[in-house]
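Student: What follows is a structure written as structure tokens; I'll ask about it next.
No value in this document is a laboratory result; all are computed from the given coordinates. Please read all numbers here as calculations on a predicted model, not as lab measurements. Please note: Cβ atoms are built from the backbone with ideal geometry, for glycine as well, and neighbour counts cover all protein chains shown.
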Amino acid sequence: MLLHSPGYQSDRTYNTLVIEELASWGYVVAAVDHPHDSGEVEFPDGRVVVNRPDDASDEARAAAVALRADDLRFVLDQLTLLERGGNPDAEGRPLPRGLRGTLDLTRVGAFGHSRGGAASASVMYLDTRVRAGIDLDGALYGPVIEHGLDRPFLLMDTAVHDGLNKDGSWQPFWAHLSDWHRCLRLADANHNCFTDIVAIAPQIPEAVRNTLQIGTIPADRAVAAVRATVRAFFDLQLRDRRDTRHLLQGAAPRYPEIEYIAG
């Protein structure tokens, strides 16, 4: 069972290409929209709320990440209710038969892009039900930076620099990780290469495409590399499958775009 949190001002659909890959390998993925922080969100009563831009201060961002972590915990609570045979539907509509007992909530992971990656780290800090997590190119916020985690975590970035340097938040976080941890980099990429934007970009006029933060990596290579890395991590940490762990070492023959930074 995996929880997914999108980037700031993005919707849960922005990572469909990764989510559908995970689903095709048997993972159940709950993708979460965060009201007022993601894009537009429609509630069951038809009410729509849109993004409220924050003031870009560390305090505002930390508060937003904390709220996202609460959202993820709420979703996990509702999945637990569903697993036990309850009905969390807001309108009380009947659910499909056979759902009870189908979710494995003993093996829960969380992943996300940008602010969603920060939320994945934060929810792991707050909730031991989440056993493994991934941050795709997101600066971190909140107490998890100084306290770290005691469960497996993967960082993946795109920045052109040496070592860990994501807005200064990764280094202290890294120093306090006590279980399996690794930092990988997607070569020739930029921030939005972890989203579906990279796949759509070739269809967009070049003048606009140059503003999308996608770098120079070919779209098909970016999609394949991110899909493979995310699945390899969760296969190893949640399913104890070691046949793809070489992808987490960097520079695998099929995915030379994945660079090993630290671990």
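Student: Step through the residues of region 123-139 one at a time and calculate ³J(HN,Hα) from phi using the Karplus curve (6.51 cos²θ - 1.76 cosθ + 1.60, θ = phi - 60°), rounding each to whole Hz and writing x for Gly and Pro.
Tutor: 5, 5, 4, 8, 9, 6, 5, 8, 8, 7, x, 9, 10, 8, 6, x, 5
Student: Within the chain, what's the longest stretch lacking trypsin sites (Lys or Arg not before Pro) that sit in DSSP loops with no more than 12 other Cβ atoms inside 10 Å?
Tutor: Between exposed loop sites, the widest span is 101-241.
Student: Something else about it: Nearest-5 percent of antiparallel DSSP beta bridges in region 2-186?
Tutor: Within region 2-186, antiparallel bridges account for around 10 percent of the total.
Student: Please identify every one of the GluC sites (Glu not before Pro) in region 40-122 that sits in a loop by DSSP and has no more than 15 other beta carbons within 10 Å of its own beta carbon.
Tutor: Counting only loop positions with at most 15 other Cβ atoms within 10 Å, the GluC sites (Glu not before Pro) in region 40-122 are GLU40, GLU91.
Student: Percent relative contact order of region 2-186, based on C-alpha pairs within less than 8 angstrom and at least six residues apart?
Tutor: Relative contact order, region 2-186: 18 percent.
Student: Now, a different point. Please label the shape of region 1-110 as rounded, prolate or oblate, based on the square roots a ≥ b ≥ c of the eigenvalues of the alpha-carbon gyration tensor (a/c under 1.5 means rounded; beyond that, a/b larger than b/c means prolate, else oblate).
Tutor: Note, shape of region 1-110 comes out prolate.
Student: To the nearest 20 debye, what is the magnitude of the charge dipole of the chain about its Cα centre, counting +1 on the Cβ of each Lys and Arg and -1 on the Cβ of each Asp and Glu?
Tutor: That gives a dipole near 900 debye.
Student: With the Cα gyration tensor of region 105-263 giving a ≥ b ≥ c as the square roots of its eigenvalues, does the rule (a/c under 1.5 for rounded; else a/b larger than b/c for prolate; else oblate) give rounded, prolate or oblate?
Tutor: prolate
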